[in-house]
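Student: A single structure is presented below for examination.
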Amino acid sequence: MPSPVLLNLAEVSEDDLPLVGGKAGKLGELVRQGLPVPPGIVVTTEGYRLFVESTDLKDVIARELSGPDLENPDRLEKAAERIRAAFESTPLPEELRSAITDAYDAFTRRDAVAYVAVRSSATAEDLEGASFAGLQDTYLNVAGTDEVLRMVRRCWGSLFTPRVLVYRQRKGFDHASVRLAVLIQKMVDATVSGILFTRDPNTGENHMIVEAGWGLGEAIVGGEVTPDHYVIDGATQKIVHKQVSEQRLRIVRGPGGGNVREDVPLPERTAQKLPDARLLRLVSLARLIESRYRRPMDVEWCGDAEALYIVQARPVTTIPTSTAPGPAAPAGPPAEGAPVLKGFGAAPGLAGGIARILRGSAEMERLKAGEILVTTMTTPDMVPAMSRAAGIVTDEGGMTCHAAIVSRELGVPCVVGTREATRVLADGSEVTVDGKAGAVYRGLRTAPPPAAPVSAGPGLPSGPAHVPVTATKVYVNVGVPEKAEEYARLPVSGVGLLRLEFIFTAHVRDHPLALLQRGKRDELVRRLADGVGRVCRAFHPRPVIVRTSDFKTNEYRGMPGGEPFEPVEENPMIGWRGCSRYVSPVFKPAFECELEAIHRVRTEMGLKNAMVMLPFVRNTWELEEIATMLRAAGLKRSRDFKLYLMAEVPSIVFLAREFAQHCDGFSIGSNDLTQLVLGADRDSETLGRMGYFDERDPAVLAAIHQLIEGAHAGGRTVGICGQGPSVYPEFAEFLVREGIDSISLNADTVVSTIGTIASLEQRMKLDGLRRRE
């Protein structure tokens with residue numbers, strides 16, 4: 001085709017990226033390599049330019065996107081609506097309409113096309129310095145010239161959604177200069193579809209990961225179904241693992257076009273989606289793609305009754321770099337004799353260094369990197385110092401105190417509840433902390449060498465040579481953003497818990513209401529967004545579940561500037577915390593800043609893997625108010641934005657089905673749930689030593705059983721974020737047998753607990769087979 005407005009996909013190469021965009025450019029390269037890509041034509045960015053400049057659209061865009069009040073969300077949303085409406089209602093210039101129509105008619109006749117996919121293809125210029133991936137529209141199973149022309153205009157109009165406008169505005173892009181290509185591609189009547197990674201994106205191991213489901217891939221992308229999961233050895237090309245999942249729903253082409261949902265016939269629900277021969281054919285295609293680009297690739301594919309097709313290929317951006325084993329414990333003469341202090345082993349590991357006694361957060365700067373932090377009890381504003389410490393020792397606290405929770409998430413060996421560490425240990429002396437045994441020794445102690453280790457990352461424990469695949473999804477808890485890149489190397493499905501209060505203490509420091517009072521709202525939002533964004537970027541595209549702040553009044557009161565805003569409560573553990581703060585007129589402005597920060601991460605930074613979880617939920621009416629706040633912040637529940645609730649208060653357990661209507665899933669906060677079910681103060685050292693605080697108590701297990709049953713009945717997932725499954729194998733077995741969907745762990749226990757879960761699942765399979773015999 002001589003016209004620059006239209007190109008045949010087979011004529012396109014990556015040299016044409018400014019004209020055809022990244023999606024079309026890569027697929028054109030694969031067509032040239034002889035790979036099975038559905039044929040198509042590309043309406044180039046020149047077509048977009050002609051449409052805008054030869055109609056009134058240029059003036060509409062300029063008028064709607066001018067003025068000082070464009071920062072106002074309502075004003076921006078209305079401007080976006082009017083621009084998109086103008087794109088959809090403005091007729092194409094006759095010359096452009098004829099060019100697209102003639103090319104489309106010739107394409108459909110030549111390639112026997114009945115239905116097409118109309119897909120946005122972002123240009124190289126748009127992607128430079130900023131990613132617009134996933135922000136523009138795609139339409140499937142489109143039929144007829146008029147409908148295709150309408151969808152082309154809608155794709156172009158998707159350059160002006162509110163989230164894209166905000167993203168461009170803050171990145172400094174000129175709205176008038178952006179362009180978008182549109183790929184019109186033959187629609188495969190897919191009976192099966194999925195994704196393939198030519199390298200394991202979690203571990204970087206030389207394994208291909210394939211996921212497959214019945215029908216169109218939209219059901220997999222939207223999380224509506226659990227696909228089959230296959231693992232192929234990259235060296236031998238042999239299938240080393242199969243996990244066939246039951247699929248009850250699929251998305252297929254409707255009788256007159258478009259997508260419809262239908263039930264999967266009973267015989268197919270538990271069938272393997274890709275027979276071995278077809279799976280290996282797909283693997284051979286993926287090897288060719290990886291050879292072409294000489295790097296790991298993420299491949300989207302589909303298949304009809306006759307063949308397999310490649311519909312997208314892009315580099316995998318989350319492959320962990322190879323890592324060396326973490327440093328050994330400090331060398332030196334082994335410590336002699338019995339430990340000088342005993343307490344609770346709160347975070348495993350062995351660390352030696354100079355003991356630095358801190359009397360409070362005001363002395364944090366005294367602690368140098370690699371020293372042992374010794375204090376009465378850590379507080380939230382001490383997290384920056386804790387992240388520098390090689391080990392932590394406290395006088396007070398039990399297994400769920402602040403020091404214990406934070407140190408586990410930081411991967412720092414910790415002993416709590418020693419009663420007299422600040423009195424017995426001398427400031428500046430050499431000590432060794434054994435976080436597993438709960439012991440502190442004088443002098444430096446050398447760690448025994450591990451046998452046949454495989455490093456998960458610096459400072460993380462070694463594991464087996466091959467991490468097994470589990471049906472139960474495994475996530476990691478992240479304490480501070482500085483650990484995100486290290487933890488992203490772990491073989492996990494994402495971040496199950498990122499506490500926003502830790503970002504407050506490490507990156508914001510001051511009480512949020514104090515900052516707002518001083519007119520520093522933008523600074524507050526920026527610091528929160530930077531912290532969340534760092535974690536989301538490290539784990540992208542794996543989900544990161546951000547739990548909004550859950551400081552208690554005594555913790556907030558201790559922050560700089562916090563005293564005027566915080567009441568003194570007799571029992572802050574069950575006081576003004578969690579969602580009750582968000583619906584309070586006093587704290588609502590601070591909560592809105594948290595939501596704006598998460599919205600910025602998803603829009604400005606293009607990191608749509610940021611999800612939200614609400615803590616300490618007591619009732620449904622507060623959720624209705626918070627849902628209104630979320631929508632006002634541009635965070636509306638959808639296919640790519642999920643809202644989760646912490647299940648900590650027994651009311652959620654009793655009314656799980658009602659709460660399920662307000663969320664996409666639950667995450668059990670085992671510490672608070674145990675505390676409230678048993679009436680045992682989680683911070684009580686006395687009750688901890690007497691054995692009252694125990695997640696394995698029959699009453700707690702009954703509550704978890706009831707929650708999982710009610711949530712699943714309401715079509716919602718249930719996970720857990722706590723140390724219980726890693727500390728107590730029998731607790732992990734209970735959760736797996738109850739059908740928990742995911743477990744989020746502290747980084748130091750990920751590899752070992754995955755092995756425990758895999759063994760449990762295998763034993764359950766064998767038990768099931770024996771019962772059927």
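The values are calculated or read from the model by the stated rules, or taken from the named source; none is laboratory data. All figures in this text were calculated on a predicted structure; none of them were measured in a lab. Every residue, glycine as well, gets a Cβ built from its backbone with ideal geometry; the counts of neighbours run over all protein chains shown. These area figures cover heavy atoms from the full protein model, side chains too; ligands, DNA and RNA do not enter into them. Shrake-Rupley method; radii C 1.70, N 1.55, O 1.52, S 1.80 Å.
Student: I'd like to check something: does region 305-326 contain any residue that is over 24 Å from residue 482 (Cβ atoms), surrounded by fewer than 13 Cβ atoms within 10 Å (Cβ to Cβ) and at pLDDT 90 or above?
Tutor: yes
Student: How many residues does region 489-500 contain that are part of a helix (DSSP H, G or I) and out of contact with any strand residue (DSSP E or B) (no Cβ under 7 Å at 6 or more places or on another chain)? Let's see the steps before the verdict.
Tutor: As a first pass, look at region 489-500 and keep what is part of a helix (DSSP H, G or I): 500.
Now restrict to residues that are out of contact with any strand residue (DSSP E or B) (no Cβ under 7 Å at 6 or more places or on another chain): none.
Count: 0.
Student: Could you check region 55-88 and list, in sequence order, the residues that are small (Gly, Ala, Ser) and under 22 Å from residue 121 (Cα atoms)?
Tutor: Step one: filter region 55-88 for residues small (Gly, Ala, Ser), giving 62, 66-67, 79-80, 85-86.
80, 85, 86 - these are the residues of region 55-88 that are small (Gly, Ala, Ser) and under 22 Å from residue 121 (Cα atoms).
Student: Out of 494, 519, which single residue is at positive phi, in contact with a Lys or Arg (Cβ under 7 Å, 6 or more places away or on another chain) and at pLDDT 90 or above? First the steps, then the outcome.
Tutor: Numbers: 519 fails: in contact with a Lys or Arg (Cβ under 7 Å, 6 or more places away or on another chain).
It is 494.
Student: Test of understanding: among 250, 287, which residue is modelled with pLDDT of 80 or more, open to solvent by 70 Å² or more (accessible area, probe 1.4 Å), under 29 Å from the mean Cα position of the chain (by Cα) and under 26 Å from residue 541 (Cα atoms)?
Tutor: On the way: 250 fails: open to solvent by 70 Å² or more (accessible area, probe 1.4 Å).
Only one candidate qualifies: 287.
Student: While we're here: Say we look at region 364-408 and pick out the residues that are of a type in the set (Lys, Arg) and under 17 Å from residue 435 (Cα atoms); which of these is modelled with the highest pLDDT? Step through it out loud before you land on a result.
Tutor: Taking region 364-408 first, the residues of a type in the set (Lys, Arg) are 366, 368, 388, 408.
Cutting the leftovers down to under 17 Å from residue 435 (Cα atoms) gives us 388, 408.
Numbers: 388: 87, 408: 71.
The residue in question is 388.
Student: Find all pairs meeting these conditions: Cβ atoms under 8 angstrom apart; at least six residues apart or on different chains; first residue within region 609-622 and over 11 Å from residue 581 (Cα atoms); second residue among the basic types (Lys, Arg) and assigned to a loop (DSSP other than H, G, I, E, B).
Tutor: Qualifying pairs under 8 Å: 609/542; 611/642; 612/642.
Student: Moving on to the next point. Assuming residue 550 fulfils every condition listed in (1) in contact with a strand residue (DSSP E or B) (Cβ under 8 Å, 6 or more places away or on another chain); (2) acidic (Asp, Glu); (3) in a helix (DSSP H, G or I) apart from one, which condition is it?
Tutor: Just one mismatch for residue 550, condition (3).
Student: Taking region 416-437 only, how many residues are at pLDDT 90 or above, in a strand (DSSP E or B) and not acidic (Asp, Glu)? Walk me through it before giving the result.
Tutor: Going through region 416-437, the residues at pLDDT 90 or above turn out to be 420-434.
Narrowing the set further to residues that are in a strand (DSSP E or B) leaves 430-434.
From what is left, the residues that are not acidic (Asp, Glu) are 431-433.
Number satisfying all stated conditions: 3.
Student: Taking the condition of being in a helix (DSSP H, G or I), over 16 Å from residue 664 (Cβ atoms) and open to solvent by less than 10 Å² (accessible area, probe 1.4 Å), how many residues in region 602-631 meet it?
Tutor: Selection size over region 602-631: 2.
Student: Would you tally the residues in region 1-47 being polar (S, T, N, Q) and either surrounded by fewer than 16 Cβ atoms within 10 Å (Cβ to Cβ) or under 31 Å from the mean Cα position of the chain (by Cα) (or both)?
Tutor: 3
Student: In addition: Restricting region 327-363 to residues that are hydrophobic (A, V, I, L, M, F, W, C), in a loop (DSSP other than H, G, I, E, B) and at pLDDT 75 or above, which is farthest from the chain's Cα centre (by Cα)? Don't jump to the end; show me each part of the working.
Tutor: The initial filter retains those residues of region 327-363 that are hydrophobic (A, V, I, L, M, F, W, C), namely 328-329, 331, 335, 338, 340-341, 344, 346-347, 350-351, 354-355, 357-358, 362.
When the remaining residues are screened for being in a loop (DSSP other than H, G, I, E, B), the result is 328-329, 331, 335, 338, 340.
With the extra rule that they be at pLDDT 75 or above, the set shrinks to 338, 340.
On the way: 338: 45, 340: 43 Å.
The residue in question is 338.
Student: How many residues does region 235-246 hold that are surrounded by 14 or more Cβ atoms within 10 Å (Cβ to Cβ) and either acidic (Asp, Glu) or out of contact with any Asp or Glu (no Cβ under 8 Å at 6 or more places or on another chain) (or both)?
Tutor: Total meeting the criteria: 1.
Student: Test residue 743 against the criterion of being at pLDDT 80 or above and not in a helix (DSSP H, G or I), and give yes or no.
Tutor: So residue 743 fits the description; yes.
Student: With the requirement that a residue be within 14 Å of residue 625 (Cβ to Cβ) and open to solvent by 10 Å² or more (accessible area, probe 1.4 Å), what does region 571-601 give you? Give the steps one after another, and end with the answer.
Tutor: Restricting attention to region 571-601, the residues satisfying the condition of being within 14 Å of residue 625 (Cβ to Cβ) are 578-585, 587-588, 591-592, 595.
Within region 571-601, 580, 583, 584, 585, 588, 592 qualify.
Student: Only residues that are at pLDDT 80 or above and either assigned to a helix (DSSP H, G or I) or closer than 23 Å to residue 753 by Cα (or both): list them for region 438-468, please. Before the answer, list the steps.
Tutor: Restricting attention to region 438-468, the residues satisfying the condition of being at pLDDT 80 or above are 438-444, 468.
438, 468, listed by residue number.
Student: Among (1) under 15 Å from residue 156 (Cα atoms); (2) open to solvent by less than 80 Å² (accessible area, probe 1.4 Å); (3) modelled with pLDDT under 90; (4) over 35 Å from the mean Cα position of the chain (by Cα), where does residue 58 come up short?
Tutor: (2)
Student: Could you run through region 501-526 and say how many residues are in a helix (DSSP H, G or I), more than 16 Å from residue 563 (Cβ to Cβ) and open to solvent by 70 Å² or more (accessible area, probe 1.4 Å)?
Tutor: 3
Student: Let me ask another. So is residue 596 assigned to a helix (DSSP H, G or I), touching a residue at least 60 places away in the same chain (Cβ under 8 Å) and not basic (Lys, Arg) or not? Can you show your working first?
Tutor: Details: assigned to a helix (DSSP H, G or I): yes; touching a residue at least 60 places away in the same chain (Cβ under 8 Å): yes; not basic (Lys, Arg): yes.
Considered against the rule, which asks whether it is assigned to a helix (DSSP H, G or I), touching a residue at least 60 places away in the same chain (Cβ under 8 Å) and not basic (Lys, Arg), residue 596 comes out as yes.
Student: Which one is modelled with the highest pLDDT, of the residues in region 160-210 that are among the hydroxyl-bearing types (Ser, Thr, Tyr) and not in a loop (DSSP other than H, G, I, E, B)? If you could, list the steps in order and put the result at the bottom.
Tutor: So the first thing to find is which residues in region 160-210 are among the hydroxyl-bearing types (Ser, Thr, Tyr), and the list is 161, 167, 177, 191, 193, 198, 203.
Within this subset, residues satisfying the condition of being not in a loop (DSSP other than H, G, I, E, B) are 167, 177, 193.
Details: 167: 53, 177: 69, 193: 94.
Going through the qualifying residues, I end up with 193.
Student: Every residue in region 632-642 that is outside any helix (DSSP H, G or I) and not aromatic (Phe, Trp, Tyr), please. Let's see the steps before the verdict.
Tutor: Initially, region 632-642 is screened for residues outside any helix (DSSP H, G or I), giving 633-642.
Hits for region 632-642 are 633, 634, 635, 636, 637, 638, 639, 640, 642.
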